[in-house]
Amino acid sequence: MPPVHVGAGVRFSSSQLDELADAAAIFGCQLLHVGMQGPTLQFVIDHPDGVDVDHCADVSRQISALLDRDDFGSRRYVLEVSSPGIERHLYWLDDFRRFVGEKARITLRTPQGGKRTVQARIVSAEDLPPAATGEVTVAPEDGGPTPEDRLTFSTEDVIKAHLLFEA
């Protein structure tokens with residue numbers, strides 16, 4: 001099962017995360033992200049055919065039952081289940097690999113080409129030993145067309161990344 005990205009403020013054990021991911025999988029969905037935004041407990045799901053309102057409702061009911069069973073603590077929350085959206089976040093090497101050719105905004109820990117945040121087209125995403133890391137190559141918007149103008153960085157250096165909508 002692919003990993004689930006867990007945002008700050010969320011405290012689930014790995015077995016709870018597995019159960020939550022399984023709850024989404026019942027409906028053919030993949031749980032991508034769990035996060036807390038104020039009182040809202042957010043779950044982002046994906047589906048091979050795209051996420052529709054029925055997917056969100058079905059997964060929401062399933063997850064709600066698990067959270068009620070496990071008593072998600074005394075903290076009050078509002079449950080939200082949504083699609084990754086058109087400018088979906090990129091959490092893992094496989095995300096970058098899936099969206100090769102697409103434009104993204106990427107913020108890095110270590111500046112590349114004098115910048116920590118770049119808007120660029122994803123050129124490649126390759127495994128690096130050890131298998132937990134990967135290397136991504138992008139062609140920045142303000143760079144030239146040659147390979148020398150491209151930036152390459154480790155997935156471990158990515159603070160955040162998301163696709164950019166192109167009309």
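Report yes if some residue within segment 139-152 is under 18 Å from the mean Cα position of the chain (by Cα) and among the hydrophobic types (A, V, I, L, M, F, W, C); otherwise report no. Working first, answer last.
Pass one, segment 139-152, residues under 18 Å from the mean Cα position of the chain (by Cα): none.
No: zero hits.
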Sort out which residues of segment 71-84 are surrounded by 10 or more Cβ atoms within 10 Å (Cβ to Cβ) and modelled with pLDDT of 75 or more, and write them in order of number.
-> 77, 78, 79, 80, 81, 82, 83, 84
Given the conditions (1) without any contact (Cβ under 8 Å) to a residue 40 or more places away in the chain; (2) assigned to a strand (DSSP E or B); (3) surrounded by fewer than 17 Cβ atoms within 10 Å (Cβ to Cβ), which single one is not true for residue 28?
-> (2)
Just checking, how many residues over segment 74-93 are in contact (Cβ under 8 Å) with a residue 40 or more places away in the chain and either of a type outside the set (S, T, N, Q) or assigned to a helix (DSSP H, G or I) (or both)?
-> 11
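Look at residue 102 and say whether it is touching a residue at least 40 places away in the same chain (Cβ under 8 Å), under 20 Å from residue 127 (Cβ atoms), surrounded by fewer than 18 Cβ atoms within 10 Å (Cβ to Cβ) and outside the structural domain of residue 24 (by TED's automatic domain parsing).
Details: touching a residue at least 40 places away in the same chain (Cβ under 8 Å): yes; under 20 Å from residue 127 (Cβ atoms): yes; surrounded by fewer than 18 Cβ atoms within 10 Å (Cβ to Cβ): yes; outside the structural domain of residue 24 (by TED's automatic domain parsing): yes.
Yes, satisfied.
Part of a helix (DSSP H, G or I), within 18 Å of the chain's Cα centre (by Cα) and either modelled with pLDDT under 95 or exposed (fewer than 12 other Cβ atoms within 10 Å of the Cβ) (or both): which single residue out of 66, 17 fits that description?
Numbers: 66 fails: within 18 Å of the chain's Cα centre (by Cα).
None of the others qualify; the one that does is 17.
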Test result for residue 55, in contact with a Lys or Arg (Cβ under 8 Å, 6 or more places away or on another chain) and surrounded by 12 or more Cβ atoms within 10 Å (Cβ to Cβ) | no
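If you check 75, 88, which single one turns out to be of a type in the set (Lys, Arg) and in the same structural domain as residue 46 (by TED's automatic domain parsing)?
Details: 88 fails: in the same structural domain as residue 46 (by TED's automatic domain parsing).
Selected residue: 75, the only one of 75, 88 that is of a type in the set (Lys, Arg) and in the same structural domain as residue 46 (by TED's automatic domain parsing).
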Pair list, Cβ < 7 Å and 6+ apart or interchain, from segment 54-71 residues that are in the same structural domain as residue 31 (by TED's automatic domain parsing) to residues that are among the polar types (S, T, N, Q) and outside any helix (DSSP H, G or I) = 56/82
With criteria (1) free of Cβ contacts under 8 Å to residues at least 40 places away in the same chain; (2) outside any strand (DSSP E or B), residue 96 comes up short on (1)
Report yes if some residue within segment 24-35 is at pLDDT 95 or above and among the polar types (S, T, N, Q); otherwise report no.
-> yes
Kindly check whether there is at least one residue in segment 34-42 that is surrounded by 17 or more Cβ atoms within 10 Å (Cβ to Cβ) and either in contact with a Pro (Cβ under 9 Å, 6 or more places away or on another chain) or in a helix (DSSP H, G or I) (or both).
-> no
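The values are calculated or read from the model by the stated rules, or taken from the named source; none is laboratory data. In this text the structure is predicted, and so the values were computed from the model without any measurement. Backbone-built Cβ (ideal geometry, glycine too); neighbour counts: all protein chains shown.
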